[in-house]
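Below you'll find the structure, written out as structure tokens, and then a few comments.
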Amino acid sequence: MSDLNPRIVEFSTDHIPEPERAAFWREHYGQVMLHVDFEPAPDVAFKARNRALTLPGLQLLDAWATPARISRSGPHLADGTDNLILAINREGSAFVEQGRQGHELREGEAIILSGTDPGTFHRVSNGHSFTLLVPRVMIEAADVSVADAVMRPIAANQGALQLLDHYASWLMSSGGTIDAQLLNLSVRHVQDLLALAIGPSADMAETMRARGLRAARLKLAKSFLIANSRRSDISVAMLAGKLNVTPRYVQRLFEVDGTTFSAFLSGVRLANAHRMLCDPAHGQLAIASIAYDVGFGDLSHFNRSFRRQYGLTPREVRGDRGIGRESSGRMC
């Protein structure tokens, strides 16, 4: 096993003695990672390679293996995990069972499984699979009939499945290098694409359209605040008027983004103040003048906010350059 980065983990039998491979796989891959029982075919030398990416709201597993039987039942179902599982059979032959249904997966075909019910994935030949695990509630929120989707195969040529496979594969290869904000957005895209692959309702399409509209409005809102942050009269009501929405809608835009109107505006003003404090051209300006210039109306509030943001006072960041002294605390 090797940690490629904090998010992606790779398992391989390549450097494990053959007699120890099955036991290792049962413990690390089966018991720890996926909470499944694992049994390789007895008449074939067992080999496997897996890569796993785990994110809030999404787990991806890219797996190649010789014939084996993977099942989830009994105590594994008591772990409280309520995921929907999309299994894509990229190569080889596989047979899937859940409830009283069974289905042979052809190459490129996919199927939905329920993580709360007993089920079996039987790899009957050397093969390659790509699996996505998503909390059931995230798909149900898109008004998709999850119960109808379980054990219903998805054709290899379905456009939404092909797009989902391509996008999730890109995320698997890039997930360790892109920033947290983009990762969160990518997880949401994967969830939306999975809902589309299962079968969207009209409300699902409307939900996705609304998300795009909110994102565009949030971008406009942030651009307006950045351009007008020095104005002392800027307010939620003013911004709402510019966007032609209600003040509460503006507040919700920022809340969904993980912040607030006031926190974002304060962050812009503090960043402007920090740049001025680090710029020799403003070295003769009093700190109070800088605070008022960037939009703060209260010097004490500015000083407290600045220290909370940067861990230093404005004077320490500037190094008192304006009065001829240097400080070791500068962060320019």
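Just a few scattered comments:
- Charge context of ARG231, other residues only, Cβ under 13 angstrom, K/R +1, D/E -1: +1
- Environment charge at VAL250 (Cβ cut-off 12 Å; Lys +1, Arg +1, Asp -1, Glu -1): +4
- Relative intensity of the chain on a log10 scale, I(q)/I(0) at q = 0.13, 0.15 Å⁻¹, equals -0.96, -1.14, per a Debye sum over C-alpha point scatterers of equal strength in the absence of solvent.
- The stretch 206-259, relative contact order in percent, only Cα pairs under 8 angstrom and at least six apart counted: 32 percent
- Taking a straight line from the alpha carbon of LYS47, these aspartates and glutamates sit under 17 Å away, with near neighbours fewer than eight places off in the same chain left out: GLU10, ASP14, GLU18, GLU20, GLU27, ASP37, GLU39, ASP62, GLU91.
- Bridging of LYS222 to aspartates and glutamates at a Cα separation below 19 Å is possible for ASP233, GLU255, ASP257, once same-chain residues fewer than 8 apart are set aside.
- Farthest positive-ward along the chain dipole, Cα basis, beta-carbon charges - from ALA168, LEU277, SER186: LEU277
- Summing Cβ point charges (Lys, Arg +1; Asp, Glu -1) relative to the Cα centre of the stretch 32-156 gives a dipole of roughly 300 debye.
- The trypsin sites (Lys or Arg not before Pro) of the stretch 70-115 meeting both criteria, a DSSP state outside H, G, I, E and B (loop) and at most 14 other C-beta atoms within 10 angstrom of the site's C-beta, are ARG100, ARG106.
- The stretch 206-259, Cα convex hull volume normalised per residue, Å³: 76 Å³
- Among 151-162, 45-56, the peptide with the highest mean count of other Cβ atoms within 10 Å heads the list, and the full ranking is 45-56, 151-162.
- Furthest towards positive pole of dipole, PRO42, PHE121, ALA240, structure part the chain, Cβ charges: ALA240
- Each of the peptides 302-313, 110-121 was scored by the mean count of other Cβ atoms within 10 Å over its residues; in descending order, highest first, they stand as 110-121, 302-313.
- The calculated FRET efficiency for GLU27 paired with SER173, based on their beta-carbon distance and R0 = 22 Å, is about 0.20.
- VAL245-LEU220 pseudo-label distance in nm [points 7 Å out on the Cα-to-Cβ vector]: 0.9 nm
- A straight chain from TYR292 to ALA45 at 0.36 nm per residue would run longer than the Cα-Cα distance by 81.6 nm.
- Over the chain, relative contact order from alpha-carbon pairs under 8 Å, at least 6 apart, %: 11 percent
- Bins of 10 Å from zero: percent of alpha-carbon pairs in the stretch 263-323: 26, 62, 13, 0
- Of the residues HIS128, HIS166, HIS282, the one that moves most in a GNM of the chain with alpha-carbon contacts below 10 Å is HIS282.
- Residue-averaged 222 nm ellipticity for the chain, from DSSP H runs of 4+ at -39500 (n - 2.57), nearest 500: -13000 deg cm²/dmol
- Label positions at ARG69 and SER262, each projected 7 Å from the Cα along the C-beta direction, are separated by 6.2 nm.
- Placing +1 on the Cβ of every Lys and Arg and -1 on the Cβ of every Asp and Glu, with nothing else charged, gives the stretch 263-323 a dipole about its Cα centre of roughly 160 debye.
We did not get these values from a lab; they are worked out from the coordinates using the rules stated. Bear in mind the structure is a predicted one, so any value in this text is a computation, not a measurement. Virtual Cβ from ideal backbone geometry, glycine too; neighbours counted across all protein chains shown.
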